[in-house]
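**Student:** Submitted below is the structure of interest, expressed as structure tokens.
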Amino acid sequence: MPGSCDQTLVRVLTGPTASGKTAAALRLARELDLEIISMDSALVYRGMDIGTAKPTPAERAEVPHHLIDIIEPTHSFSAAEFAQRARELVDQVRARGREPLLVGGTLLYLRALEQGLNELPAADAGLRARLEAQAASEGWAALHARLARVDPASAARIEPGDSQRIQRALEVWELSGRTLTQHFEQAPREPGLALRVVSLEPSDRSWLHARIAQRLRDMLRTGLLDEVRALRARGDLHAELPSMRCVGYRQAWEHLDGAFDAAELEQRAVAATRQLAKRQLTWLRAMPRRECIDCCADDATERAVRALLRADRA
């Protein structure tokens with residue numbers, strides 16, 4: 001985010017899950033002629049609406065949204081793919097005489113945009129299957145310990161239960177002979193975008209935890225389990241796909257497998273979402289060049305809108 005009056009600044013609204021990003025984005029759209037580019041790794045999947053808190057049809061009719069419902073849940077969508085698509089969309093939106101607004105809490109995507117892209121090996125289905133088999137036999141904690149031996153810096157960033165990121169870090173190591181940390185330290189093959197980042201973050205974690213719990217209850221009330229039943233009935237999905245590892249979906253899948261009852265489903269999903277929010281806040285604290293807005297404040301939406309409007313004068 002450069003200083004003075006760089007007119008190429010791209011607005012970004014981020015923050016942990018349940019912090020109020022959608023409300024602020026739609027409020028800003030009433031001030032500016034906007035198109036929203038989703039920066040959320042779960043919203044890309046078709047058929048996953050309730051558990052991802054996807055913008056409603058009415059919200060999407062009010063403001064154009066991009067990078068939502070673009071792939072089937074059988075597929076994956078990397079940070080590199082996101083950054084490429086987001087860059088193209090920024091140019092396309094501005095060519096239409098409108099302003100892009102990136103909205104979401106997938107901080108790996110934000111890092112790819114801000115710091116530029118490094119060359120990483122493509123996913124390898126055979127290697128991923130082998131790592132999943134090892135995890136099934138030894139547990140993901142054992143694979144996290146293996147990662148700690150070869151790439152301590154990545155292991156320190158990745159929770160022992162974050163199977164998707166453990167798998168990817170080990171995959172990069174085995175395919176390239178270089179750690180994920182070494183790849184990130186390498187000069188990017190293309191520069192990052194100039195961003196104006198506004199982040200909704202809580203001064204009181206208990207406020208966010210209450211929001212997370214209420215949102216999960218709302219999801220269950222409005223049909224999350226039926227949504228996961230429909231996904232299971234397709235026959236082409238399984239619990240280890242990146243889509244089905246999304247918070248809420250993983251716990252619902254396990255519940256439908258009979259692993260635990262409905263009360264424990266709610267407890268586990270809330271706990272997993274709180275862990276996600278904790279990881280998001282850890283990532284955000286490592287980004288000093290952001291403007292923080294207290295999402296607990298009654299006027300948080302208005303303050304976020306004012307901060308984003310200042311991008312014109314940054």
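**Student:** Restricting to the stretch 50-62, and then to whatever is more than 15 Å from the chain's Cα centre (by Cα) and under 26 Å from L216 (Cβ atoms), can you tell me which residue is surrounded by the most Cβ atoms within 10 Å (Cβ to Cβ)?
**Tutor:** Ranking the qualifying residues of the stretch 50-62, first place goes to I50.
**Student:** Where in the stretch 236-314 are there helices (runs of 4 or more DSSP H), lying fully within it, with 3 or more residues that are in the same structural domain as L225 (by TED's automatic domain parsing) and of a type in the set (V, I, T)?
**Tutor:** 262-285
**Student:** Restricting attention to the stretch 220-228, does a residue exist that is at pLDDT below 95 and not basic (K, R)?
**Tutor:** There is no residue in the stretch 220-228 that is at pLDDT below 95 and not basic (K, R).
**Student:** When you scan the stretch 162-226 for helices (runs of 4 or more DSSP H) that lie fully inside it, which ones turn up with 3 or more residues that are touching a residue at least 12 places away in the same chain (Cβ under 8 Å), surrounded by 14 or more Cβ atoms within 10 Å (Cβ to Cβ) and touching a His at 6+ places or on another chain (Cβ under 9 Å)?
**Tutor:** 163-176
**Student:** Under the condition of being surrounded by 13 or more Cβ atoms within 10 Å (Cβ to Cβ) and not basic (K, R), which residue from the stretch 259-270 is farthest from M219 (Cα to Cα)?
**Tutor:** F260
**Student:** Please pick out the residue among A24, A80, A53, A29 that is closer than 25 Å to D298 by Cα, small (G, A, S) and modelled with pLDDT under 95.
**Tutor:** A29
**Student:** Return yes or no: is R146 part of a helix (DSSP H, G or I), under 16 Å from the mean Cα position of the chain (by Cα) and not assigned by TED's automatic domain parsing to the domain that holds E31?
**Tutor:** No.
**Student:** Then there's this: Given the conditions (1) crowded, with 20+ Cβ neighbours inside 10 Å; (2) of a type outside the set (F, W, Y); (3) at pLDDT below 95, which single one is not true for T273?
**Tutor:** Evaluating T273 over (1) crowded, with 20+ Cβ neighbours inside 10 Å; (2) of a type outside the set (F, W, Y); (3) at pLDDT below 95 leaves (3) as the failure.
**Student:** So, one more: For the stretch 4-52, give me the residue count where each residue is out of contact with any strand residue (DSSP E or B) (no Cβ under 6 Å at 6 or more places or on another chain), in the same structural domain as E72 (by TED's automatic domain parsing) and on the phi > 0 side of the Ramachandran plot.
**Tutor:** 2
The values are calculated or read from the model by the stated rules, or taken from the named source; none is laboratory data. Since this is a predicted model, take the numbers as computed values, not measurements. Positions of Cβ are generated from backbone atoms using ideal geometry, with glycine treated the same way; all protein chains shown enter the neighbour counts.
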